[in-house]
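The values are calculated or read from the model by the stated rules, or taken from the named source; none is laboratory data. Everything numeric here is computed off the predicted structure, so don't read it as measured data. So basically every Cβ, Gly included, is an ideal-geometry build from the backbone, and we count neighbours across all protein chains shown.
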Amino acid sequence: MEEIQQSFWAMGGYGPYVWPVYGIALVFFVASAFFAVWSLRRAQRRLQMLEQETRAP
Amino acid sequence: MTSFSLHFLANPARFVRWGSAILPWAWGVAALCFAAGLYWGLVVAPADYQQGDSVRILYIHVPSAIMAEGVYVLLALCGIASLVWRHLLADAIGRAAAPLGAGFAGLTLVSGSFWGYPTWGTYWVWDARLTSALVLFLLYLGYIVLSHSFDRPEKGSRFAAILAVIGTINLPIIKFSVEWWSTLHQPASIGFGGIDIDWRFLVPLVLMAVGFLSYFVAVSILRVKADLLRAKIRHLEVM
């Protein structure tokens, strides 16, 4: 079991090349998604505020 | 100003309705495809007899490249729509997609670089394929900078649209570079002649490609929604 785990991370010696690629990809995907959600929520809140202001200044 | 607000209410509202309906499905497909693709690609699929386990970079590199080119085609089409019909939604889609496309292009370069070193002994070479891929990345950056460089977003989008259309010439160069010139990068394994790649590599590759696309659809919908809201906000702030 230990050996299988070891060899998985080692990737036949190519670990230092394979894992940074997957790591960078992961960061890109996660960060992009979070930023998109955050940006949308921020715009929704701002719009809500503005609509309230125009109704009752 | 009136025609702007009428126009604004028409198509974008429909896009938001459709987008909101598709969104959970896009996330679902992306999650499933990534889970299956990553498991198959990293655990089940065999190592290559020549390249060993470094071949697993394929499952990030190729889908990234496909998306980088595909999203650029989208930018060019949106650019044409924007220039011909002055379509607000085309601008919004372009602005939403561009940073994601840039990310895919960058990921293509980085993953290719990490794959190149153990395979060819170098991180980079100025051959036709790699250089045109770098040009693609720079075109994306140019598009993003242009679309945000002006007070009025419509003006920035106009220039960005022009850049996107002109830059289209780069796409066939990328595509056919490995056939027209002698390059370090290997020729295509999937083309009009048939499929030259073993099914055990092809399955995770397709899964990841579908995952990448689904993810792109999901995040783009979010970004377009935010962009349209910001246009509405600008409209209200001016009043």
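For every residue, the table says whether it meets (1) within 18 Å of the chain's Cα centre (by Cα); (2) farther than 21 Å from B:Ser177 by Cβ; (3) surrounded by fewer than 23 Cβ atoms within 10 Å (Cβ to Cβ).
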site: B:Leu83; (1), (2), (3): no, yes, yes
site: B:His87; (1), (2), (3): no, yes, yes
site: B:Ser111; (1), (2), (3): yes, no, no
site: B:Val125; (1), (2), (3): no, no, yes
site: B:Leu136; (1), (2), (3): yes, no, no
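Screening the candidates A:Val37, A:Val18, A:Val27 for the property of being among the β-branched types (Val, Ile, Thr) and touching a Ser or Thr at 6+ places or on another chain (Cβ under 7 Å) yields one hit, A:Val18. Among the candidates B:Leu107, B:Leu77, the residue that is closer than 30 Å to B:Leu202 by Cβ and in contact with a His (Cβ under 9 Å, 6 or more places away or on another chain) is uniquely B:Leu107. Checked against (1) out of contact with any Pro (no Cβ under 8 Å at 6 or more places or on another chain); (2) more than 14 Å from chain A (Cβ to nearest Cβ), B:Leu89 meets all criteria but (1). Inspection of region B:41-52 identifies at least one residue that is more than 10 Å from chain A (Cβ to nearest Cβ), at pLDDT below 95, out of contact with any Gly (no Cβ under 9 Å at 6 or more places or on another chain) and over 26 Å from B:Leu130 (Cβ atoms). Collect the residues in region B:30-44 that are surrounded by fewer than 14 Cβ atoms within 10 Å (Cβ to Cβ) and not aliphatic (A, V, I, L, M), keeping them in residue-number order. The answer is B:Tyr39, and nothing else. Residue-level analysis places A:Gln5 among those that are at pLDDT below 95, in a helix (DSSP H, G or I) and within 19 Å of B:Ala35 (Cα to Cα). Against the definition (of a type in the set (A, V, I, L, M), surrounded by 17 or more Cβ atoms within 10 Å (Cβ to Cβ), assigned to a helix (DSSP H, G or I) and out of contact with any Gly (no Cβ under 6 Å at 6 or more places or on another chain)), how does B:Ala161 come out, yes or no? Criteria not met by B:Ala161.
Scanning region B:132-149 for residues that are touching a residue at least 40 places away in the same chain (Cβ under 8 Å) and among the β-branched types (Val, Ile, Thr) yields a single hit, B:Ile144. One residue alone among B:Val71, B:Val16, B:Val110 is more than 20 Å from A:Tyr22 (Cβ to Cβ), within 13 Å of chain A (Cβ to nearest Cβ), out of contact with any Phe, Trp or Tyr (no Cβ under 8 Å at 6 or more places or on another chain) and β-branched (Val, Ile, Thr), and that residue is B:Val16.
Flag set for B:Leu23, criterion: within 12 Å of another protein chain (Cβ to nearest Cβ) and not small (Gly, Ala, Ser).
Results for (1) in contact with a Pro (Cβ under 6 Å, 6 or more places away or on another chain); (2) surrounded by 12 or more Cβ atoms within 10 Å (Cβ to Cβ); (3) under 27 Å from B:His235 (Cβ atoms); (4) at the interface with chain B (Cβ under 7 Å from one of its Cβ atoms), shown as yes or no for each residue.
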| residue | (1), (2), (3), (4) |
| --- | --- |
| A:Gln5 | no, no, no, no |
| A:Phe8 | no, yes, no, no |
| A:Ile24 | no, yes, no, yes |
| A:Phe29 | no, yes, no, yes |
| A:Arg41 | no, yes, yes, no |
| A:Arg45 | no, no, yes, no |
| A:Gln52 | no, no, yes, no |
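Contact map, region B:208-227: residues that are more than 18 Å from B:Leu75 (Cβ to Cβ) paired with residues that are crowded, with 23+ Cβ neighbours inside 10 Å and aromatic (Phe, Trp, Tyr), Cβ distance under 8 Å, separation 6+ or inter-chain. Pairs shown: B:Met208/B:Tyr59.
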